[in-house]
Structure formats: structure tokens, C-alpha cells
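Single-structure report; data block below.
The values are calculated or read from the model by the stated rules, or taken from the named source; none is laboratory data. In this text, all values refer to a predicted model and were calculated from it rather than measured experimentally. For neighbour counting, all protein chains shown are included, and Cβ atoms are generated from backbone atoms with ideal geometry for every residue, glycine included. Accessible surface is based on the protein model in full, side chains and every heavy atom, while ligands, DNA and RNA are left aside. Shrake-Rupley method; radii C 1.70, N 1.55, O 1.52, S 1.80 Å.
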Amino acid sequence: MGSAFSSKKSQKPQPSEVDKAILSLKTQRRKLGEYQRQVQEKAVRAQENAQRFVQQKNKQKALFNLKQKKLFEVRLAEIDKFLINVEETVSELKKKSPPLLSPPPSLVRSFVHR
């Protein structure tokens, strides 16, 4: 009796595996970007500390900070490689993903010319 007036839940299209993978890669790209920014800040801080210790004539601490800066720069290079890899993978997945359903061009033309 109430079935005529009951609302049916409309089913939203479920994201495909490709869409999930792209979303995951974009999230990873964002997190890598944040991590890259943090490491850059640490490298700058290590450089500033090294300069401060040179002025204070504390050679050991200055060398330690320069070594730290070098390690941060190596880590930044690795992060850059990861970011490039993620970007390439996202673009490859976008190329392979099926296009969204669209009406055939003949139908589109017939509606436009009316």
C-alpha cells in the first residue's frame, strides 16, 4: 500500500578501481608535497644553524649541521623522484580510464540545430 509513495534510494555510481587508484595517488602526491616543504624548511634551518655556529667558532656543531643539510638535500632529491613517479602514474591511469558516458555526436547535433 505504501509502496507507491515510498521513495527509492537512488544509487550513485560506484567509483571504479581506476578512479580509486587515481584518488589514492593524488592523496599521496599531496602528502609528499607537504613532506617536501617540511624537509626544505629543515634544510634551511640547518644552514642557518651552521652559519650561527661558524660565527660562534663552534666548528663541530657547524659541521654537524652542514652534514644534516646535505642529508636533507638527498632526501629532497628522493622526494622529487617519488613525485615524478606519482605524476607519471596518474597520467597513465587517466589515459587508460574509460571516458565518461556521453551521448553520440549525432544526437548532440540534432538537439543543437533545433
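Just a few scattered comments:
- The figure for Val54 is an accessible area of roughly 90 square angstrom, using a 1.4 Å probe on the protein chains alone.
- Take Lys81: with every protein chain present and a 1.4 Å probe, its accessible area is about 150 Å².
- Label-to-label distance for Ile84 and Lys59 is 3.9 nm, based on points extended 7 Å past Cα in the beta-carbon direction.
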